[in-house]
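Below is one structure, written out as structure tokens, with a few remarks after it.
The values are calculated or read from the model by the stated rules, or taken from the named source; none is laboratory data. Treat the numbers as computed from the prediction; the structure is a model and nothing was measured. Cβ coordinates were reconstructed from backbone atoms using ideal geometry, including for glycine residues, and neighbour counts include every protein chain displayed. Just the protein is used for accessible areas: all its heavy atoms, side chains included, with ligands, DNA and RNA removed. Shrake-Rupley method; radii C 1.70, N 1.55, O 1.52, S 1.80 Å.
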Amino acid sequence: MGKTINGFMLIDAPWSALNNAGMDAGERTDNAVKVKVIKKGRDVYPYVSGQAVRYWWRETLQKKFAWNLSPVERAKKVAYTLANPIEYDDDDMFGYMRAAKEENEGTGKKVNVTVTRISPLKNSPLLSIYPQSPTDDFGVMARQKEGDPVPYEHEFYSTIFKGIFSVDMELAGKFYEIEKTGYKNMSPLLIKKAKDMGLVHDEKEKFWKMPAETKKKRIKDIILALPYLSGGAKLTEHLTDVSPKFLILAVIEGGNHIFMNVVDENGINFNALSQVIEDYKDVILSDIYIGKREGFLDEMNKKISEFASQKWEINERTIQVKYNSINNIVLEFTEILDGFIS
């Protein structure tokens, strides 16, 4: 099993419509936009799609950390990136699927080549921790000098979203050439480029490996971007800050996500968090890093501070809780990652 970063986050959405489902033809106006929701029994919960979260993340990495993003090409109804994780940071960390023609070096003829890559960065949708009855907001477009105003409606809500993510530190910067979906990362042209650039090649395991410093930077940037996440629909009218206000980070052995159920509509469930750490302390490789933005769930401050005094003993090793502001805890956590990235 490989080493994985586990992350859990809460996002405050006090007046928001972050991810919309589009027009609703059944509403009283022609321009009625509904928010995305799911139902549990009779309760309605707004959510933000995992794809939207990844878009915010990718855009933040480009703007804040100068990531070189892979160009997107479109052919008929299909769109894909260049599928070049050597040159493009997001093709490495966000994965890809590309089916295109490449010239065969031997024959000179173009042949179909399909490459796919499992994303080292995985994330859930963001789901409201509270059931909601979204509010209808009615407005008009009335800038025109002549004619009637054009009415429109949209929904918004006030809630807190929870979400999880993970980063596969073994897979990042490692590109396979195995005939298996998700692991045929390399086209013939990309293999040639890897050879020309002097990438390390493992003949037995059939993979190419990026330089350690490039790999470390990409992994760290994913985490360092968290305090700066921005995006979402209706920013002009709602201006929601989508950066996490509560964050848990840890390095574990394996791919399961252990922090999924530590927050409910009553807040942070410290009993559940303690049990998770106790049950999985044999696979938790780092300390537990908890960050919180002051002004958010301040009624939990005392309990978090008390929780941060706990320790867990495992195989002559002590797991502790590090507690700080969001930005500081992200910096502290990324500083330990060199010891886990190979």
(request) Can you tell me the FRET efficiency between Lys40 and Phe270 if r is taken as the Cβ-Cβ distance and R0 is 22 Å, rounded to the nearest 0.05? (result) 0.35
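Normalised radius of gyration for segment 219-312, please: alpha carbon Rg relative to 2.2 N^0.38 Å, two decimal places.
Working: Rg = 15.2 Å, N = 94, 2.2 N^0.38 = 12.4 Å.
Normalised by 2.2 N^0.38 Å, the Cα Rg of segment 219-312 equals 1.23.
Residue separation times 0.36 nm, minus the C-alpha to C-alpha distance between Ala66 and Lys109: what's the value?
11.8 nm
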(request) Which order do the peptides 297-304, 122-129, 271-278 take when ranked by the mean count of other beta-carbon atoms within 10 Å per residue, highest first? (result) 122-129, 271-278, 297-304
(message) Show me the trypsin sites (Lys or Arg not before Pro) within segment 40-118 that DSSP assigns to loop and that have at most 10 other Cβ atoms within 10 Å of their Cβ.
(response) Arg42, Lys76, Lys77, Lys109
(message) How many angstrom lie between the Cα centre of segment 288-339 and the Cα centre of segment 149-228?
(response) 26 Å
(request) Any chance you could run the full-extension gain for Glu332 through Lys195? It's 0.36 nm times the residue separation minus the Cα-Cα distance, nm to one decimal. (result) 45.7 nm
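Given only helices, namely DSSP H runs of n ≥ 4 each adding -39500 (n - 2.57), what is the per-residue ellipticity at 222 nm of the chain, to the nearest 500 deg cm²/dmol?
-6500 deg cm²/dmol
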(request) With all distinct Cα pairs included, what does the Kirkwood hydrodynamic radius of segment 261-324 come out to in Å, to one decimal, could you say? (result) 12.6 Å
(request) Just subtract the alpha-carbon distance of Asn261 and Gln320 from 0.36 nm times their residue separation and send over the number in nm, one decimal. (result) 19.2 nm
(request) Heavy atoms only, probe 1.4 Å: what % of the accessible area of the chain goes to carbon and sulfur, would you let me know? (result) 49 percent
(request) Run the numbers on the chain and let me know its relative contact order in percent, using alpha-carbon pairs under 8 Å that are six or more apart. (result) 22 percent
(request) Would you mind working out the magnitude of the charge dipole of the chain relative to its Cα centre, with +1 at each Lys and Arg C-beta and -1 at each Asp and Glu C-beta, to the nearest 20 Debye? (result) 940 debye
(request) Based on the mean of other Cβ atoms within 10 Å per residue, sort peptides 315-324, 161-170 so the most packed one is first. (result) 161-170, 315-324
(message) Given a 1.4 angstrom probe, what's the average accessible area per residue across the chain, in square angstrom?
(response) 52 Å²
(message) Please enumerate, by chain and number, the aspartates and glutamates with C-alpha under 20 Å from the C-alpha of Lys101, excluding those fewer than 8 residues away in the same chain.
(response) Glu73, Glu87, Asp91, Glu177, Glu179
(request) Give me the compactness ratio for the chain, meaning the Cα radius of gyration over 2.2 N^0.38 Å. (result) 1.13
(request) Name the aspartates and glutamates eligible as straight-distance cross-link partners of Lys36: C-alpha to C-alpha under 12 Å, and not fewer than 8 places from it in the same chain. (result) Asp24, Glu155
(message) On a 27 Å Cα-Cα criterion, which of the cross-link pairs Lys174/Lys322; Lys184/Lys215; Lys39/Lys234 come out too long?
(response) Lys174/Lys322
